[in-house]
Amino acid sequence: MALESKYNAKSVEDKWYGYWMENDFFHSEVDEREPYTIVIPPPNVTGVLHMGHMLNNTLQDVLIRRARLKGYNACWVPGTDHASIATEAKVVGKLKEQGIQKFDLTREQFLEHAWEWTHKHGGIILEQLKKLGASCDWERTKFTMDNDLSASVIKVFVDLYRKGHVYRGYRMVNWDPQAKTTLSDEEVIYEEKQGNLYYLQYAIEGSSEFVTIATTRPETIMGDTAVCVNPHDERYAHLKGKRAIVPICNRSVPIIVDEYVTMDFGTGCLKVTPAHDENDKMLGDKYQLEVIDIFNDDATLNHFGMHYEGKDRFAVRKEIVKELESLGVVTKVEQHINKVGTSERTGAVIEPKLSDQWFLSMKDLAKPALDAVLNKEINLVPEKFVNTYRHWMENVRDWNISRQLWWGQQIPAYYYGVAKDDFVVAENASEALELARSKSGNAALLESDLKQDPDVLDTWFSSWLWPISVFNGILEPDNKEINYYYPTNDLVTAPEILFFWVARMIIAGYEYRNEKPFQNVYLTGIVRDKQRRKMSKSLGNSPDPIDLMEVYGADGVRVGMLLSSPAGNDLMFDEDLCKQGSSFVTKIWNAYRLIDGWEISNSVEVAESSKIAIEWYQHKFQKVLSEIEDHYGKYRISDALMATYKLIWDDFCSWFLEMVKPAYGSPIAQSTYDAVIAILEDNLKLLHPFVPFISEEIWQQITPRSPKEALIISTWPVMTDFNEQIIKEFDFAGEVISGIRAIRKDKNISFKEEISLSVMNAEKASVDFDVVIAKLGNISKINYITEKLDGALTFRVKSNEYFIPVGGAIDVEAEIATLEQELKYTEGFLRSVQIKLKNERFVNSAPEQVVAMERQKEADALAKIQTLKSSLAGLK
């Protein structure tokens, strides 16, 4: 059946993805082969595919498909993350639309809604990944709230508590007033924002004197419980031991002295609000100050806010400044750049808040994970991230792991009394009851007397176990799968979660397997638009990946994503890259159509040009294969693609096929055809990781194949020695052919018209490719001469000079005039370049590459002048 003239991406993609799934090519089981394992960075269960996912998962699929071809037992575990904050926010929003408030429901009722939402919207992203061609082992799909994964999280929490690493503490935490939960330090993004510095007068008690403080947050003055000055600040030495009156609430507070205060910031006089600033809390603890929390959980003011009760903190800021101005205590207002913490999840401005929370002590746990990266047991690619990783791990803070949410793994702490320490930690209620009876000495305690902590664990506390828990390595630490697939090989993820996720997985790996979780971490860049802006829905600059695949095909988009995405560097995405990817796919298709259209004969002799072409391409293929293997080994996936792209587009399509294709209407020798097909099949193997669909389509079109012979499970080409000399000889011949074609084009000499070629072979170039030069240049005869040929057009390749007799093909006089004009222009251009290069100031001060460019211009101009003079000499 004749091939379609136009490649139909949609039908091909649907056909072969279904075929791969039907034949279980993605599925892995423990066997005698060496495993190659990747665990997917689990996207949010209710998320949809965006450009970052496209890049990340294309890279993973390239790695897993190549590993499969190289004979590894390739296992790519997919799954999703329950995303506590994001998912709960969506469920709360949906309930609000129905007129239901979260706290109108019991926890169980709310979770029913959350599971319903998850089942309805969850997993869409995994289906979208199938459109991309992701060859995940879908039978292994995991969800961080699966029963076994949740049980693993609870077991780990209990274990770490019993080891003394998990503790409960009353600490200053990052409070997200929109999500109404705490966040870890890593979930807070600090942004510089323009604000104001307000100078306020506090009266000195029993005096007509005032002290002026400077604050960026006047709305918190109702929480002030002291004023602090530096003990070395002579301006305030007389105030030591006195008291100040806080405006509006008229609270009398002590004036304390501490070196924490910077004398030259603001007025050198600090208002102390222990409930709403971490540094103020330290002062409060040191001087046993009263702690007054003025905020509700949604950052509105509570009863301590007096007449501002119930109003939002930012609205109060504006109103309280007006009131303070009316009282005459605002002396001045200055503009001030301030670093403001915002929630990584909701974007809300973080409120420092004192709260009882659960923490994981990190310092001791982090050491093996730091050593693993510094000692190269785990490789970060690119290596520039090692210093960033080291800085974070050496300065790691305890991890706040509790969240004030209902969606997630509920903390397995059970309270049995009213005292602060009246709780036990256990994997289930029955075990908790035994522990509570023992700890309290009350044998009459019942399970109904226990109250489980209402908070859930941070989502990252489940995903940090991901490489272990997906193989059930926590609940069954010696099962055959964890022993076979762990440690995994490569992790592909974004640098922004290097600490959220990667570092913590490494910590968990050493704590629970005494082994690294993966060998290599490939850190992708951020996908940006042409203006270098991060892609986002709000900017409207993020195309829908599904729409892109509809237009350019999955293979085209995969190539487009990888054409400019070196590890760790941001990708400047341009839809034209997908267009370029689609053009590449079309080029591959048209190349096969050309081959498929040839008539084959056992009776015709093999052309000499075909013999040398086949020999050259086989060596060229091996050279490029060695380069590609080097790129893969260094995780330069973009470079591996570019080397493959050039091999196929330039060497195979533009040169090789032209060298071997039979003359119009003539057949090709069977042995030549067989060699071309063998070369094509090797090409398809290199192409398959990047463009899986079209490569499988052509592979299956070549000859009928059984499922065991599918390309996806074929064998990666074997590297062999290659002859660099024959490659160099063809490169030289290629320049000769390009020179001939340039003259034909410039002088409008039809390709159908045979011409002769004379050569002064000063380079002593090999004559092996003369048959190729003759075929691709339509040369009737190649003559080797020792004297220049008169009346001929000429060009040079290195020191060789080539002559094409003019004959009646062109108007000699007109050609001489054209060449003389071009010579005059080139000589003028050369003079301008040489004047610049004689300028010592330019040569010494200009960047090295700029000077090098000018020298190259000089060399090119000199060579061109020599060629033009030779051409003129031949014509005169």
Long-range neighbours under 8 Å by Cβ, at least six apart or interchain, first residue over 14 Å from residue 658 (Cβ atoms) within segment 763-791, second among the acidic types (Asp, Glu) and assigned to a helix (DSSP H, G or I)
765/729; 766/729; 768/729; 782/770
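Counting only residues that are farther than 12 Å from residue 351 by Cβ, give me the strands (runs of 3 or more DSSP E) lying completely in segment 167-227 with at least 3 of them. Step through it out loud before you land on a result.
Details: elements: 181-183, 188-204, 210-215.
Filter on segment 167-227 gives 188-204, 210-215.
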Failed item in (1) assigned to a helix (DSSP H, G or I); (2) at pLDDT below 95; (3) among the acidic types (Asp, Glu); (4) closer than 27 Å to residue 556 by Cα, with residue 61 passing the rest:
(2)
Give me the residue from segment 368-397 that is open to solvent by 90 Å² or more (accessible area, probe 1.4 Å) and touching a residue at least 24 places away in the same chain (Cβ under 8 Å) and, out of that set, nearest to the chain's Cα centre (by Cα).
384
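Give the residue, chosen from 646, 620, 634, 611, that is open to solvent by 10 Å² or more (accessible area, probe 1.4 Å) and at pLDDT below 95.
Working: 646 fails: at pLDDT below 95; 620 fails: at pLDDT below 95; 611 fails: at pLDDT below 95.
After ruling out the rest, the residue left standing is 634.
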Quick check on my filter: what residues within segment 844-859 are modelled with pLDDT of 85 or more and either under 24 Å from residue 799 (Cα atoms) or open to solvent by less than 40 Å² (accessible area, probe 1.4 Å) (or both)?
851, 852, 853, 854, 855, 856, 857, 858, 859
Just give me the residues in segment 512-557 being in a loop (DSSP other than H, G, I, E, B), open to solvent by less than 50 Å² (accessible area, probe 1.4 Å), in contact with a strand residue (DSSP E or B) (Cβ under 7 Å, 6 or more places away or on another chain) and within 21 Å of residue 638 (Cβ to Cβ), in sequence order.
524, 525, 526, 535
Can you tell me which condition residue 560 does not meet? The list is (1) open to solvent by 10 Å² or more (accessible area, probe 1.4 Å); (2) at pLDDT below 95; (3) in a helix (DSSP H, G or I); (4) not hydroxyl-bearing (Ser, Thr, Tyr), and all the others hold.
(1)
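Taking the residues in segment 292-314 that are in a loop (DSSP other than H, G, I, E, B) and touching a strand residue (DSSP E or B) at 6+ places or on another chain (Cβ under 7 Å) as candidates, determine which candidate is farthest from residue 180 (Cα to Cα).
If we filter segment 292-314 for residues that are in a loop (DSSP other than H, G, I, E, B), which is where we start, we get 292-294, 296-299, 302, 309-311.
Still in the list and also touching a strand residue (DSSP E or B) at 6+ places or on another chain (Cβ under 7 Å): 293-294, 299, 302, 309-311.
Working: 293: 16, 294: 16, 299: 9, 302: 15, 309: 18, 310: 16, 311: 16 Å.
Applying the filter and picking the extreme gives 309.
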Spans of helices (runs of 4 or more DSSP H) in segment 444-511 with at least 2 residues in contact (Cβ under 8 Å) with a residue 40 or more places away in the chain and farther than 28 Å from residue 68 by Cβ:
460-463
List, please: which pairs have Cβ atoms under 7 Å, are six or more places apart or on different chains, and start with a residue in segment 538-551 that is within 12 Å of residue 128 (Cα to Cα) and end with one that is among the charged types (D, E, K, R)?
546/131; 549/131
From the residues in segment 739-756 that are in a helix (DSSP H, G or I) and out of contact with any strand residue (DSSP E or B) (no Cβ under 6 Å at 6 or more places or on another chain), which one is surrounded by the most Cβ atoms within 10 Å (Cβ to Cβ)?
740
Quickly run through segment 588-633 and pick out the residues that are among the β-branched types (Val, Ile, Thr) and within 30 Å of residue 382 (Cβ to Cβ).
624, 628
Boolean, residue 327 is exposed (fewer than 14 other Cβ atoms within 10 Å of the Cβ) and touching a Pro at 6+ places or on another chain (Cβ under 9 Å)
yes
If I filter segment 357-368 for residues that are at pLDDT 95 or above and on the phi > 0 side of the Ramachandran plot, do I get at least one hit?
no
Report every pair of residues separated by at least 6 positions or lying on different chains whose Cβ atoms are under 6 Å apart, first residue within segment 109-126 and in contact (Cβ under 8 Å) with a residue 40 or more places away in the chain and farther than 10 Å from residue 91 by Cβ, second open to solvent by less than 40 Å² (accessible area, probe 1.4 Å) and in a helix (DSSP H, G or I).
none
Looking at (1) open to solvent by 30 Å² or more (accessible area, probe 1.4 Å); (2) free of Cβ contacts under 8 Å to residues at least 60 places away in the same chain; (3) over 20 Å from residue 654 (Cα atoms), find the lone condition where residue 728 falls short.
(3)
The lone condition residue 211 fails out of (1) under 30 Å from residue 459 (Cα atoms); (2) crowded, with 18+ Cβ neighbours inside 10 Å is (1)
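Restricting to helices (runs of 4 or more DSSP H) lying wholly in segment 770-876: which have 3 or more residues that are closer than 22 Å to residue 747 by Cβ and over 46 Å from the mean Cα position of the chain (by Cα)? Break it down into steps so the answer makes sense when it comes.
Numbers: elements: 770-777, 812-838, 840-845, 848-875.
So the answer is 770-777, 812-838, 848-875.
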Which residue, of 304, 314, 295, is over 46 Å from the mean Cα position of the chain (by Cα) and among the hydrophobic types (A, V, I, L, M, F, W, C)?
304
Please verify whether residue 430 is of a type in the set (S, T, N, Q), on the phi < 0 side of the Ramachandran plot and crowded, with 20+ Cβ neighbours inside 10 Å, treating the condition exactly as stated.
no
Please find, within segment 166-184, the residue that is nearest to residue 356 (Cα to Cα) out of those that are modelled with pLDDT of 90 or more and open to solvent by 40 Å² or more (accessible area, probe 1.4 Å).
168
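Being of a type in the set (Asp, Glu) and under 33 Å from the mean Cα position of the chain (by Cα) is the filter here; which residues of segment 573-612 pass it? Step through it out loud before you land on a result.
Keep residues of segment 573-612 that are of a type in the set (Asp, Glu), which gives 574-576, 596, 599, 605, 608.
Within segment 573-612, 574, 575, 576 meet the criteria.
Determine whether residue 289 is surrounded by 18 or more Cβ atoms within 10 Å (Cβ to Cβ), part of a strand (DSSP E or B) and of a type outside the set (Phe, Trp, Tyr).
no
The values are calculated or read from the model by the stated rules, or taken from the named source; none is laboratory data. Here the structure is a predicted model, which is why all the values come from computation and not from measurement. Glycine gets a Cβ as well: all are built from the backbone with ideal geometry, and neighbour counts include every protein chain shown. For the accessible areas, the whole protein counts, side chains as well, though only heavy atoms, and no ligand, DNA or RNA atoms are used. Shrake-Rupley method; radii C 1.70, N 1.55, O 1.52, S 1.80 Å.
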